[in-house]
Amino acid sequence: TALQVPLRGLVRLLLLLVCVMPWTEAGKVLVVPLEGSHWLSMKDVVRQLHARGHQAVVLAPEVSFYLKGEDFFTLKTYTFPYTQEESAKMFIFETKNALQRMSGIFTALRKFLAGYEQSCVKMLRDNSLMNHLNSSSFDVVLTDPVFPCGAVLAKYLRIPTVFFLRAMPCGLDFEAAQCPSPSSYIPHFFTTYSDHMSFPQRVKNMLHILGWKFICHFIFTPYASIASELFQRDLSVVDILSHASVWLFRADFVLEYPRPIMPNMVFIGGINCISRKPLSQ
Ligand SMILES: *[C@@H]1O[C@H](CO)[C@@H](O)[C@H](O)[C@H]1NC(C)=O
């Protein structure tokens, strides 16, 4: 209680200051999300930004399942090579054979990823859209780096970038931010190991990492090519990701394990609990 009185005074003083000072804090945010569940938690952030007086423009493909216009942001769309129906059909498999299903999923995923790459190239080559975005003078880009097109765009427009993500596969996030990440002590995401691994576990961890490197090469190399062409020099995905100002991770060490991070990496795992339900008995 001894502390409470000065604290209350301080809060009142701050409130008074906020009321008298002109409101100059509002900024312009360009949001480049990834469709699907990734967008759901980002949407809450955009809603909150709007509530605090900031202006948000969300840049999204014209075909999408979750991303719809809302009254708390301006939606700008870019072309996508498949229609809504075609996209939906891609992930419906009638066969019951597990192997055929796997190959079906793989083919669909490849087609879908190719669609995203194509629309990224088209967006970056759309001069009227680029001029419009460039002249809108955004203060910051908020993007999910799992769809690296947003990071490429931010670099192109020279706008500071905030990444909002659960994690990048293959430790690309930690590589881009230059965090120490020795594979003997840092278990791979899907291994469920801790930082105390036995020798066989360490070997398995290495194999996991190598296997995923192959998958990541397949997923992300197209964006390195897109960026290399755009900037007329050789760029890797790590180069594209390394210019982030802040990394906001929807994760928490409670769910994972402690590991070295950089000062611009912030853990905001609690954001996943905005839409929560009480535990069952
Ligand atoms: C954005 O506008 C500035 C100033 O007009 C210009 O120098 C720059 O080249 C433009 N960038 C792009 C990507 O169009």
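Assorted remarks:
- Note on Phe106 and Tyr156: the model spin-label points, each 7 Å out from Cα along the C-beta direction, lie 3.2 nm apart.
- At R0 = 51 Å, FRET efficiency that the Cβ-Cβ distance of Glu256 and His132 yields, to 0.05: 0.80
- Under 5 Å, built H, 5+ apart or other chain: amide partners of Val31: Val57, Val58, Leu59, Leu142
- In order along segment 67-76, phi translates into HN-Hα couplings of 7, 10, x, 9, 7, 9, 8, 9, 9, 10 Hz, rounded to whole numbers, per the Karplus curve 6.51 cos²θ - 1.76 cosθ + 1.60 with θ = phi - 60° and x for Gly and Pro.
- Rolling a 1.4 Å probe across all protein chains gives His208 an accessible area of roughly 60 Å².
- Amide H contacts for Tyr78 (H built 1.01 Å from N in the peptide plane; partners 5 or more residues away or on another chain; cut-off under 5 Å): Ala60, Glu62.
- Extension gain, Leu75 to Ser194: 0.36 nm times the residue separation minus the Cα-Cα distance gives 38.6 nm.
- According to the Kirkwood relation over distinct C-alpha pairs, the hydrodynamic radius of segment 1-125 is 18.3 Å.
- Mean accessible surface per residue for the chain, computed with a 1.4 Å probe while every protein chain stays in place, in Å²: 60
- Spin-label pair Leu210/Ser184, simplified geometry with 7 Å Cα→Cβ offset, distance in nm: 1.8
- The GluC sites (Glu not before Pro) of segment 59-131 that meet both conditions, a loop assignment by DSSP and at most 12 other Cβ atoms within 10 Å of the site Cβ, are Glu94.
- Counting only protein heavy atoms and a probe of 1.4 Å, the accessible surface of the chain is 60% carbon and sulfur.
- Extension gain from Val238 to Asp44, taking 0.36 nm per residue of separation minus the Cα-Cα distance: 67.0 nm
- In order along segment 145-156, the phi-based Karplus estimate (6.51 cos²θ - 1.76 cosθ + 1.60, θ = phi - 60°) of 3J(HN,Hα) comes to x, 5, 9, x, 4, x, 5, 5, 4, 4, 5, 5 Hz; Gly and Pro are listed as x.
- Nearest-10 value in Å² for the accessible area of Leu17, using the 1.4 Å probe: 80
- Put simply, the convex hull of the Cα atoms in segment 47-89 casts, on average, a shadow of 3.1 nm².
- GNM top mover of Ile261, Ile92, Ile226 - the chain, alpha-carbon springs below 10 Å: Ile92
- The mean of 1/r over all pairs of different alpha-carbon atoms in segment 135-212, once inverted, gives a Kirkwood hydrodynamic radius of 14.4 Å.
- Each label point was placed 7 Å from the Cα along the Cα-to-Cβ direction; for His217 and Ser280 their separation is 4.5 nm.
- For the chain, convex hull of alpha carbons as volume per residue, Å³: 214
- Of Asn127, Asn97, Asn205, the one that fluctuates the most in a GNM where the chain has Cα springs shorter than 10 Å: Asn97
- Of the chymotrypsin sites (Phe, Trp or Tyr not before Pro) found in segment 199-274, the ones in coil according to DSSP and having at most 15 other Cβ atoms within 10 Å of their Cβ are Phe253.
- Under 18 Å from the Asn272 label point (7 Å along Cα→beta-carbon), backbone N, segment 182-225: 187-195
- Cα-based shape type of segment 143-281, given that a ≥ b ≥ c are square roots of the gyration tensor eigenvalues and the cut on a/c is 1.5: oblate
- By the helix-only formula, in which each DSSP H run with n ≥ 4 contributes -39500 (n - 2.57) and the sum is divided by residues, the chain has a 222 nm mean residue ellipticity of -14500 deg cm²/dmol.
- Cross-link partners of Lys213 among aspartates and glutamates, defined as those whose alpha carbon lies under 15 angstrom from its own and excluding same-chain residues fewer than eight positions apart: Asp173, Glu175.
- In Hz, Karplus ³J(HN,Hα) per residue of segment 178-188 (6.51, -1.76, 1.60; θ = phi - 60°; x = Gly, Pro): 6, 7, x, 8, x, 5, 6, 10, 9, x, 5
- Once you reduce segment 144-164 and segment 46-124 to the center of their Cα atoms, the two points are 17 Å from each other.
The values are calculated or read from the model by the stated rules, or taken from the named source; none is laboratory data. Note that the coordinates shown come from a computational prediction; the quantities given were computed from them, not determined experimentally. Quick reminder, even Gly has a Cβ in these numbers, built from the backbone with ideal geometry, and neighbours come from all protein chains shown. The protein model used for the area step is the full one, side chains on, heavy atoms only, and it has no ligands, DNA or RNA in it. Shrake-Rupley method; radii C 1.70, N 1.55, O 1.52, S 1.80 Å.
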